[in-house]
1. Report every pair of residues separated by at least 6 positions or lying on different chains whose Cβ atoms are under 8 Å apart, first residue within the stretch 162-174 and more than 23 Å from P142 (Cα to Cα), second among the aromatic types (F, W, Y).
2. What's the number of the only condition in (1) at negative phi; (2) of a type in the set (A, V, I, L, M, F, W, C); (3) modelled with pLDDT of 95 or more that A57 fails to meet?
3. Checking K178 against (1) modelled with pLDDT of 95 or more; (2) on the phi < 0 side of the Ramachandran plot: exactly one of these is not met. Which one?
4. Sort out which residues of the stretch 198-252 are of a type in the set (F, W, Y), at pLDDT 95 or above and within 15 Å of K187 (Cα to Cα), and write them in order of number.
Amino acid sequence: MKFVPAQIALAAALSLSTAVVLAQTAAPAAPAPAAASPMSFNLSLASNYKFRGQDQAQNKTTAFKPALQGGVDYAFDSGFYLGNWNSTVNWLADNKLEIDVYGGYKFKAGALDLDVGALAYRYPGAAMANTTEAYLGATYGPVTAKYSRTISDGYFGILDAKGTGYFSLAFAQEVAPKTTFKASVAKTVYASSVTAADYVDYSIGGAYDLGDGLSASAAFVGANKKSSYTFVVDGTKSINKNTLVLMLTKAL
């Protein structure tokens, strides 16, 4: 949160008049800005929740599949962090919620910002879809590369998928005041024991800072290939189809 002394003009005028009458009286020191909290929260409303290019709701054939999302993060001074993120979903029987729990360590190595950690995806009522991954990320300027590897036996409902990898490359750059251009491309590489075809997903769009922690974003999201594990919602429309995803996010 930015510290903005909204009464600076009034304070200056009062200090000047006081100095004329009582020259020996010093103006009071401005209060120091409060330290940033190590804990942060976020809440989002999305027109569609796509994960690695795929719709996370299969109850509708339209592109509009609203999802409510939110989470909390805690960053330690040492570089360690913990977090939780949640979203409504609709692709598993007896489950309507995704719960993610993660933790890791961020540090610098020369010009690189490195991030290493683990993330557990949990689906209450549908434990067969639970997945755990370890990841390593590196950021240089506006570019971030990240590799995630499945360390659980299953991969989102696919059995014997330990070792499945996901490599992503993302770009984020402010191109105008309050406006950030974002793009990413990534590839899912299944473990050798999985018969599904590897595929590439992508996203291109941008975000606009509305102020007070509120932002709006739009992105064109999809994937290049359908596989035996790419579900369909009505026999013809794949969950990998290209979709414009709109999102409104509030950060606290």
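1. Final answer for the pair search is K162/Y155; T164/Y155; T164/Y190; G165/Y147.
2. (3)
3. Going through (1) modelled with pLDDT of 95 or more; (2) on the phi < 0 side of the Ramachandran plot one by one, K178 breaks only (2).
4. Correct list: Y202 only.
The values are calculated or read from the model by the stated rules, or taken from the named source; none is laboratory data. Computed from a predicted structure; not experimentally measured. Here Cβ is always computed from backbone atoms with ideal geometry, including for glycine, and neighbour counts include all displayed protein chains.
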